[in-house]
1. So is Val118 touching a helix residue (DSSP H, G or I) at 6+ places or on another chain (Cβ under 7 Å), touching a residue at least 60 places away in the same chain (Cβ under 8 Å) and more than 16 Å from Asn233 (Cβ to Cβ) or not?
2. Any residue at all in segment 23-39 that's within 15 Å of the ligand (Cβ to nearest atom) and of a type in the set (Asp, Glu)?
3. When you go through Arg61, Arg120 one by one, which is the residue that is outside any helix (DSSP H, G or I) and either surrounded by 15 or more Cβ atoms within 10 Å (Cβ to Cβ) or within 16 Å of the ligand (Cβ to nearest atom) (or both)?
4. Looking at (1) surrounded by fewer than 19 Cβ atoms within 10 Å (Cβ to Cβ); (2) among the charged types (D, E, K, R); (3) part of a helix (DSSP H, G or I), which is the one condition that is false for Asp103?
5. Quickly run through segment 150-172 and pick out the residues that are touching a Cys at 6+ places or on another chain (Cβ under 8 Å) and outside any helix (DSSP H, G or I).
6. Just to be sure I understand the filter: pairs with C-beta atoms under 9 Å, separated by 6 or more residues or on different chains, first member in segment 123-139 and closer than 29 Å to Ala90 by Cβ and away from the ligand (no atom under 16 Å from the Cβ), second member in a helix (DSSP H, G or I) and among the acidic types (Asp, Glu). Which pairs pass?
7. Select from segment 40-54 the residues that are over 18 Å from Gly13 (Cβ atoms) and surrounded by 15 or more Cβ atoms within 10 Å (Cβ to Cβ) and write down the one among them that is farthest from the ligand (Cβ to nearest atom).
8. Can you confirm whether segment 146-155 contains a residue that is in contact (Cβ under 8 Å) with a residue 24 or more places away in the chain and under 23 Å from Ala65 (Cα atoms)?
Amino acid sequence: MKKIVFVTGATAGFGKAIAQIFSKNGNDIIINGRRKERLNELEKELRNNGADVLQLPFDVRDKNAVKQAIDSLFGKWKNINILVNNAGLAQGLNLIQDGDIEDWDTMIDTNVKGLLYVSRAVMPLLIKTGNAHVFNIGSIAGKEVYQKGNVYCATKHAVDAITKAMRIDMLEHGIKVTGICPGAAETEFSLVRYKGDAEKAKNVYKGFTPLYAEDIATIVYFAATRPAHVCINDIVITPTAQANAMYIHKV
Ligand SMILES: NC(=O)c1ccc[n+]([C@@H]2O[C@H](COP(=O)([O-])OP(=O)(O)OC[C@H]3O[C@@H](n4cnc5c(N)ncnc54)[C@H](OP(=O)(O)O)[C@@H]3O)[C@@H](O)[C@H]2O)c1
């Protein structure tokens, strides 16, 4: 059955790959992100895959913009079946005493508050649609902490808690809630973390094979297509070369 899938942060990485896989499998997609040109390109691509597409460009940190965008949904687009809370980032990598407070605000505002603003606006629609599913893209950093990861790890631990809480609150509505917790994946993530330093970003993935965005998208699609009575609660996915948040075997 054709579904309406709403993906935040669809202009790159996991979000883009998730939008792609759902579009190739006969679903209609609402795509969000701040970079309008990228949304235009992606819309074309998803339409070529046969999907109907609606762009909702907004910054998840802006609670008024989030509400306005969701309130603007019309017709079938209100009947969202799947929400993928993916927009997020790490900014900076410092010991806590050297941390940049602006970076902390950006991560908390995006990864925690942004996810909450979007969820608050979309969940009443999911309840009306029925048979819905929420995916929260957490991280292995939401299960463990690593040196210099302090605030990013704290935001992803918050996502982990919100995911568990949502599953309880959505129980009576039969809405599935799945936490997706990836390890090291080569997307634009490190480029953003190192504020555009491509050399440093590339080095993160040297000496091992990281995950790719398509690996995560395949898993989200798998979880989304289980029978109605099956809910995958939580998935931690690492590259084979990664044992946990700290240990990566590099050669
Ligand atoms: N890559 C990894 O190793 C890894 C591992 C575990 C978890 N994660 C998590 O996976 C999610 C996706 O990351 P990724 O690896 O795919 O990174 P990415 O390639 O940098 O993509 C991040 C996406 O989030 C969007 N975004 C960021 N801030 C936003 C905002 N304020 N409002 C709206 N959209 C925003 C970006 O779009 P615009 O810039 O166009 O707004 C982009 O589409 C994040 O939550 C990240 O924490 C990543």
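1. Working: touching a helix residue (DSSP H, G or I) at 6+ places or on another chain (Cβ under 7 Å): yes; touching a residue at least 60 places away in the same chain (Cβ under 8 Å): yes; more than 16 Å from Asn233 (Cβ to Cβ): yes.
Yes: the conditions hold for Val118.
2. Of the residues in segment 23-39, the ones within 15 Å of the ligand (Cβ to nearest atom) are 29-39.
Then drop every residue that is not of a type in the set (Asp, Glu), which leaves 37.
Within segment 23-39 (the criterion being within 15 Å of the ligand (Cβ to nearest atom) and of a type in the set (Asp, Glu)), the answer is yes, since at least one residue qualifies.
3. Values: Arg120 fails: outside any helix (DSSP H, G or I).
Every option except Arg61 fails the conditions.
4. Of (1) surrounded by fewer than 19 Cβ atoms within 10 Å (Cβ to Cβ); (2) among the charged types (D, E, K, R); (3) part of a helix (DSSP H, G or I), only one is false for Asp103: (1).
5. Of everything in segment 150-172, nothing turns out to be touching a Cys at 6+ places or on another chain (Cβ under 8 Å) and outside any helix (DSSP H, G or I).
6. Every condition considered, the pairs that remain are Met123/Asp169.
7. The qualifying residue farthest from the ligand (Cβ to nearest atom) is Asp52.
8. yes
The values are calculated or read from the model by the stated rules, or taken from the named source; none is laboratory data. Not measured: the values here are computed from a predicted model. Quick reminder, even Gly has a Cβ in these numbers, built from the backbone with ideal geometry, and neighbours come from all protein chains shown.
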